[in-house]
Amino acid sequence: MSRTRIVKGKITEITGGTSRIFAKSIKINSGRSINYYAKNYTYGEPQDPPASKYAEFDIDFELNMDENTMVPFGILDCENNIENPYFSFKYALRNDDIDSLGFKITDEENEIIYQMGYLKPVIIQARKKPLVLFEAKKTTEGPLISKTWEYKKLFAPYVLSEPDYTKRGEYHLNWDGFDNDEIYDSTRFAGKKLKATITATKGDIIKAKEIEFEVSYKEVEWVDVKINRNTKRIDVTLRVNLADGGEKGLTCQTINANMYGTPERTVCDWDKIPTPIVNPSYPIIKSRTRSFSDLEKLALDGIERHWSRKSSYSIIINNEKYELTVKTINTSNKSLNELSLTYNTNGSWGRSGNPGFLGIIFYNVGYCNFLNWYDLPTENNWGYLDEIKDKVEEDFGYTAAHELGHTILKTYNSQYYSIIHDDSSTILQNPNGTKSYKAQKATGEINLMHYFDDDPRQANYDYNMIVASIKDTLGLLWLTKLKIN
């Protein structure tokens, strides 16, 4: 410890008694002269300095790079590997005990995100950390299903009370990312520089150390999460990229007269509809009944509806019930892959798909050629989709949520897991008979991503029961995994 004092003018010290200086060595340098004025000079053996009221202590503080990623709630990856639920720091106290320790996290604007007060980070002795991890490995036993591990329960035996970490030793400070209002917001971390500061105090001696670190999303940049531990609410923001795919089945073209006497005529897409199946009660659609803006809203509403888990579909995390709400933003910036929304009528029924690129979602309506899709006994397998009776809008919203889900499943798990719809279909995208719509409906929840052998027609779907599974929803939260530098 040292002190430097720079004064441009004179320094005058007046002491009514005796002025004493104790040091290992005293060096005096002068560019001009050194003048001493005294009636008497005495010399002798050096005396010991008076005992300090407080012994000197030292602190070390650093980022724990053994834990360079973190996932909120410690959500396991797709193979049930343990994930770190904390921002982790190493803290050491040497030479002497202290009275108190302060800890805070601040953002780029120097605003406090978290400050140790009535809420305390998990603090454990360094040598006990491996014991926690050893216990944690036991949670990987059992079926491969995304879930959280009970890190709070496992850490509990090793957490230190306040007086313990004010004594000499080495410690881990683990902060779960929640602020003093019990809110976790990934947008306060991702792409930002944060600052961690500890302040140790003993009597009138105060020492502080500061670390600056960067945080970024490790997996994707198209999903954010905000968790309120007081209200038990999780808000997920998805940036999707829905593009205008135009329309099919509404084109007309003029064919010129020819030398054989055929006059000039206009031919339209709806002219291919077999005359016997045209029903006056179901008029041919000759212009769009839904604009791109309409389709965009239906798709966004469908994604939010089927990927949210609320009310009876709430999820249990660390023995606490949370409601999860998904909100969507349509943008090409830091978003999922593009999905084209296409209005389709008067031709082949369009099968939507999303391999992870060039995805397309069809709004099928009016007269369509189903090509045996529903085994219709009509001429050339044509049929009619009525916007109201056949729940066309609801089906379109559900389809948007399903197709977008393929990107989530692929990114969280694998391309194969996405293709086979969680083991409910073949690689050729046909139901393999392992999942039953009727059986799932009886449980009150129909898996958004599953294919069913007993799949009903869309008019008979119970869309209120269709929801992303807990496994896939937790996978979406896992994708907000952070990397700490």
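Work out how much length ASN258 to ILE14 would gain on full extension: take 0.36 nm times their residue separation and subtract the Cα-Cα distance, in nm to one decimal.
Contour length minus Cα-Cα distance gives 75.9 nm.
Compute the helix-to-body angle for 292-307: its Cα long axis versus the longest principal axis of the chain, expressed 0 to 90° and rounded to tens.
That helix lies at roughly 60 degrees to the long axis.
Under a point spin-label approximation (7 Å from Cα along Cα-to-Cβ), what is the LYS438-GLN47 distance to one decimal in nm?
10.2 nm
Does the stretch 58-217 come out rounded, prolate or oblate, given a ≥ b ≥ c as the square roots of the eigenvalues of its C-alpha gyration tensor, rounded meaning a/c under 1.5 and, failing that, prolate meaning a/b above b/c?
oblate
Straight-line reach from LYS272: which aspartates and glutamates have Cα under 16 Å away, leaving out those fewer than 8 places along the same chain?
GLU379
List the aspartates and glutamates whose Cα sits under 15 Å from the Cα of LYS441, skipping any in the same chain fewer than 8 residues away.
ASP453, ASP454, ASP455, ASP462
Separation between the VAL267 and SER30 pseudo-spin-labels, each 7 Å from Cα along Cα→Cβ, expressed in nm?
Distance between the two pseudo-spin positions: 11.3 nm.
Which aspartates and glutamates have a Cα less than 18 Å from the Cα of LYS321, not counting those fewer than 8 places away in the same chain?
Reachable aspartates and glutamates: GLU150, GLU182, ASP235, GLU445, ASP472.
Positive end of the dipole of the chain, charges at C-beta (+1 Lys, Arg; -1 Asp, Glu), about the Cα centre: which of TYR367, PRO431, ALA400 has its Cα farthest in that direction?
ALA400
Roughly how many Å is it from the Cα centre of the stretch 213-243 to that of the stretch 411-475, as a whole number?
25 Å
Which of the three applies to the stretch 333-485, rounded, prolate or oblate, going by the alpha-carbon gyration tensor with a ≥ b ≥ c and a/c under 1.5 meaning rounded?
Taking the square roots of the gyration eigenvalues as a ≥ b ≥ c, the stretch 333-485 is prolate.
In whole Å, how far is the Cα centre of the stretch 88-113 from that of the stretch 178-192?
What the calculation gives is 18 Å, centre to centre.
Starting from 0 in steps of 20 Å, tell me what percent of the Cα-Cα pairs of the chain lands in each bin.
Calculated P(r), rounded to whole percents: 18, 37, 23, 13, 7, 2, 0.
Report the full-extension gain for the segment LYS310 to ASP294: residue separation times 0.36 nm, less the Cα-Cα distance, to one decimal in nm.
Length difference between fully extended and current span is 3.2 nm.
No value in this document is a laboratory result; all are computed from the given coordinates. All figures in this text were calculated on a predicted structure; none of them were measured in a lab. No Cβ is skipped: glycine too gets one built from the backbone with ideal geometry, and neighbour counts run over all protein chains shown.
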